[in-house]
Amino acid sequence: MKGLMQDWPLTVMSIIDHANRFHAEREIVTRTVEGPIHRCTYSDIHLRARKCAQALVKLGMKQSDIVATMAWNTHRHMEIWYGIMGLGAVCHTLNPRLFAEQLTYIINHAEDKLIFLDTSFVAVLEGVADTLPDVKGYVIMTDREHMPETSLKNVHCYEDLIDAEDGDFAWADVDENDACGLCYTSGTTGNPKGVLYSHRSNVLHALAANSADALGMRSVDAVLPVVPMFHANAWSITFSAPAAGAKIVMPGANMDGASIYELLDTEGVTVTAAVPTVWLMLLQHLQETGVKLPKLERVIIGGSAAPRTMIEAFERDYGVTVMHAWGMTELSPMGTLGALKAGMEDLSFDEKLDIKVKQGRAIYTVEMKITDDDGKELPSDGVAFGHLMVRGPAMAGAYLKDEGGNILDKDGWFDTGDVATLDPLGFMQITDRAKDVIKSGGEWISSIELENTAVGHPDVVEAAVIGIVHPKWDERPLLIVIAKEGSNLTKEDVLGYMEGKIAKWWMPDDVVFVDEIPHTATGKIQKLTLRQTFKDYTLPTAAAAE
Ligand code: ADP
């Protein structure tokens, strides 16, 4: 027997309609690319998104076309998202940190028809424009006064386009399973692959990601997404914040510690989200200046493992609750968040930290298990580790144009490429990416755990661990360190500090000091490049073993 409830399509436009109807006055505050702070409301965003959709029609865009953005987190970027999606078109977020060849590949592979860009990225797109046959024009996201000189063809000024419209536009009549967003994974191996989100997957994910044990945003919250809208949907915040009626504070192009602090402070931000490198800069700023953030309640840290010392500093020194999160582009992107459970209130501070360094529990809609190499499920005992497999309604079932072929097993599980443990209370901990784990004498060593232990040393700025070929053990860990300026840190200092904090046989065989550690476009340590740099490196222990 069928239920008798209303058939109400889950579209992202219903989110901004809701915000406009019930939170019209709530603010979106932006540090603009031009400089000054800009204030508008959900009502303004709603109107301008419809004007944007009208402008897109005039520019020849129609349902199912793919329209790209290369932009910082700003109010304009947000209204353009809703404008594109509200037309029934697909918003393709471009990561400006990608190399020129990757950008060319992605834009041509997606067949982007039009690109919205911030003035900051005019040069980036001028550099590749000749290689983009499908792109019919560019919209520069500024007003007439700030329009730059450019060699780009068919260029429009965004504010001129908006000024010419009246906003009398009815959202496209889309099916909830129609595509509305596109984001490529950075593809550490092979070409980048396109994850094509639907209206339904984005709405379900926004609801799940904002449940109380997850982002938990309310209408009284002010949220600052440092995590870029071009990286995995800004962790759903541009959908889940308007659904909740929360104020949004957009950081624009400035993500240094001082700029982020200023916005957190002056805008009374209560919830904020970013990758660990951003929080490293903020904590440095707080420590150097001695300022505090009394209004800030929760910091979400994800994208890479949050070091224990970082969680400790936020919680102990600043009274801010840290929520460690894990996810990936293919998951829309949130998979787990680390809220503590009932019965954990009375644990000591250190015991709570032991739980908070884990990546957290699956949010509703995320199914999760770990398996061995043969696909057999492993126990959730917090000890066994294996391939982390996931499935759910906001997860990729295939990549755009079927790149990579069938990505699900016969039961619909997606292999995340991560290796993890699951404990009996449901907390997941990432051991490593499968390809980064160090295989020593048939056992696995977690590069993440070594890195996080090493950065606990006060003179270590950043650490990376890779496996180096070893004649006896197959691979042994090499620790690569950026030392604090003027610290005279030695190999013995670092290894001495790590002693007792990790299993003896996990101890790196050598430490090298470098000035810089390469990062991917999404801020993760680029292990592939490091392995390339150190491919001829001989460990001091190798000679002894031969
Ligand atoms: P890309 O592959 O494009 O860099 P993603 O953001 O989708 O982009 O990366 C997802 C991967 O990032 C995960 O599979 C995992 O390896 C890593 N990751 C994300 N969050 C965490 C975390 N909290 N701890 C450890 N690794 C993480």
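The values are calculated or read from the model by the stated rules, or taken from the named source; none is laboratory data. Bear in mind the structure is a predicted one, so any value in this text is a computation, not a measurement. Ideal geometry is used to build each Cβ from the backbone, glycine not excepted, and the neighbour counts take in all protein chains shown. Each accessible area value is taken on the protein alone, full model and side chains, heavy atoms only, with ligands, DNA and RNA left out. Shrake-Rupley method; radii C 1.70, N 1.55, O 1.52, S 1.80 Å.
Scan the stretch 319-340 residue by residue and report those that are more than 17 Å from Ala420 (Cα to Cα) and either within 16 Å of the ligand (Cβ to nearest atom) or in contact with a strand residue (DSSP E or B) (Cβ under 6 Å, 6 or more places away or on another chain) (or both). Reasoning before the result, please.
Residues of the stretch 319-340 more than 17 Å from Ala420 (Cα to Cα): 319-323, 329-330, 332-333, 339-340.
Of everything in the stretch 319-340, those that are more than 17 Å from Ala420 (Cα to Cα) and either within 16 Å of the ligand (Cβ to nearest atom) or in contact with a strand residue (DSSP E or B) (Cβ under 6 Å, 6 or more places away or on another chain) (or both) turn out to be Val320, Thr321, Val322, Met323, Thr329, Glu330, Ser332, Pro333, Ala339.
Please indicate, with yes or no, whether at least one residue in the stretch 307-318 is within 11 Å of the ligand (Cβ to nearest atom), part of a strand (DSSP E or B) and either touching an Asp or Glu at 6+ places or on another chain (Cβ under 9 Å) or of a type in the set (Lys, Arg) (or both).
Scanning the stretch 307-318 turns up no residue that is within 11 Å of the ligand (Cβ to nearest atom), part of a strand (DSSP E or B) and either touching an Asp or Glu at 6+ places or on another chain (Cβ under 9 Å) or of a type in the set (Lys, Arg) (or both).
So, restricting to helices (runs of 4 or more DSSP H) that lie completely within the stretch 73-171, which ones have at least 2 residues that are polar (S, T, N, Q)? Don't jump to the end; show me each part of the working.
Numbers: elements: 75-86, 100-110, 122-128, 158-163.
Filter on the stretch 73-171 gives 100-110.
Suppose the filter is of a type outside the set (A, V, I, L, M), under 20 Å from Asn210 (Cβ atoms) and more than 10 Å from the ligand (Cβ to nearest atom); does Tyr364 pass it?
Details: of a type outside the set (A, V, I, L, M): yes; under 20 Å from Asn210 (Cβ atoms): yes; more than 10 Å from the ligand (Cβ to nearest atom): yes.
Yes: the conditions hold for Tyr364.
Would you please list the contacts, defined by Cβ atoms under 6 Å and residues six or more apart or on different chains, that run from a residue in the stretch 157-174 that is at pLDDT below 95 to a residue that is surrounded by 14 or more Cβ atoms within 10 Å (Cβ to Cβ) and among the hydroxyl-bearing types (Ser, Thr, Tyr)?
Hits for this filter: zero, empty list.
Within the stretch 313-341, how many residues are hydroxyl-bearing (Ser, Thr, Tyr) and closer than 14 Å to Met368 by Cα? Break it down into steps so the answer makes sense when it comes.
Taking the stretch 313-341 first, the residues hydroxyl-bearing (Ser, Thr, Tyr) are 318, 321, 329, 332, 336.
Next, from what is left, pick out any that are closer than 14 Å to Met368 by Cα: 336.
Of the residues in the stretch 313-341, 1 are hydroxyl-bearing (Ser, Thr, Tyr) and closer than 14 Å to Met368 by Cα.
Got a sec? Which strands (runs of 3 or more DSSP E) wholly within the stretch 356-413 have at least 2 residues that are within 17 Å of Ser201 (Cα to Cα) and either under 22 Å from the mean Cα position of the chain (by Cα) or at pLDDT below 95 (or both)? Write out each step before concluding.
On the way: elements: 360-362, 367-371, 385-391.
So the answer is 385-391.
Given the criteria part of a helix (DSSP H, G or I) and open to solvent by less than 50 Å² (accessible area, probe 1.4 Å), does Ala55 qualify? Spell out the reasoning first.
Numbers: part of a helix (DSSP H, G or I): yes; open to solvent by less than 50 Å² (accessible area, probe 1.4 Å): yes.
Against the criterion (part of a helix (DSSP H, G or I) and open to solvent by less than 50 Å² (accessible area, probe 1.4 Å)), Ala55 qualifies.
Say whether the condition of being open to solvent by 10 Å² or more (accessible area, probe 1.4 Å), part of a helix (DSSP H, G or I) and touching a residue at least 60 places away in the same chain (Cβ under 8 Å) is met by at least one residue in the stretch 59-72.
no
Under the condition of being of a type in the set (S, T, N, Q) and open to solvent by 10 Å² or more (accessible area, probe 1.4 Å), which residue from the stretch 234-288 is farthest from Ser332 (Cα to Cα)? Lay out the reasoning, then the answer.
Quick first cut of the stretch 234-288, residues of a type in the set (S, T, N, Q) only: 236, 238, 240, 254, 259, 266, 270, 272, 277, 284, 287.
Adding the requirement that they be open to solvent by 10 Å² or more (accessible area, probe 1.4 Å) leaves 254, 259, 266, 270, 277, 284, 287.
Numbers: Asn254: 25, Ser259: 28, Thr266: 31, Thr270: 23, Thr277: 22, Gln284: 31, Gln287: 34 Å.
Going through the qualifying residues, I end up with Gln287.
Quick one: count up the residues across the stretch 191-209 that are within 20 Å of Asp112 (Cβ to Cβ) and assigned to a helix (DSSP H, G or I). Give the steps one after another, and end with the answer.
Within the stretch 191-209, the first condition is being within 20 Å of Asp112 (Cβ to Cβ), and the residues that meet it are 191-199, 202.
Now drop any that are not assigned to a helix (DSSP H, G or I), which leaves 199, 202.
Residues that pass the stated criteria total 2.
What single numbered condition from (1) over 18 Å from Ser211 (Cβ atoms); (2) open to solvent by 10 Å² or more (accessible area, probe 1.4 Å); (3) among the hydrophobic types (A, V, I, L, M, F, W, C) fails to hold for Met323?
Going through (1) over 18 Å from Ser211 (Cβ atoms); (2) open to solvent by 10 Å² or more (accessible area, probe 1.4 Å); (3) among the hydrophobic types (A, V, I, L, M, F, W, C) one by one, Met323 breaks only (1).
Hey, does the stretch 361-375 have a residue that's open to solvent by 30 Å² or more (accessible area, probe 1.4 Å), aromatic (Phe, Trp, Tyr) and under 22 Å from Pro276 (Cα atoms)?
No, that holds for no residue.
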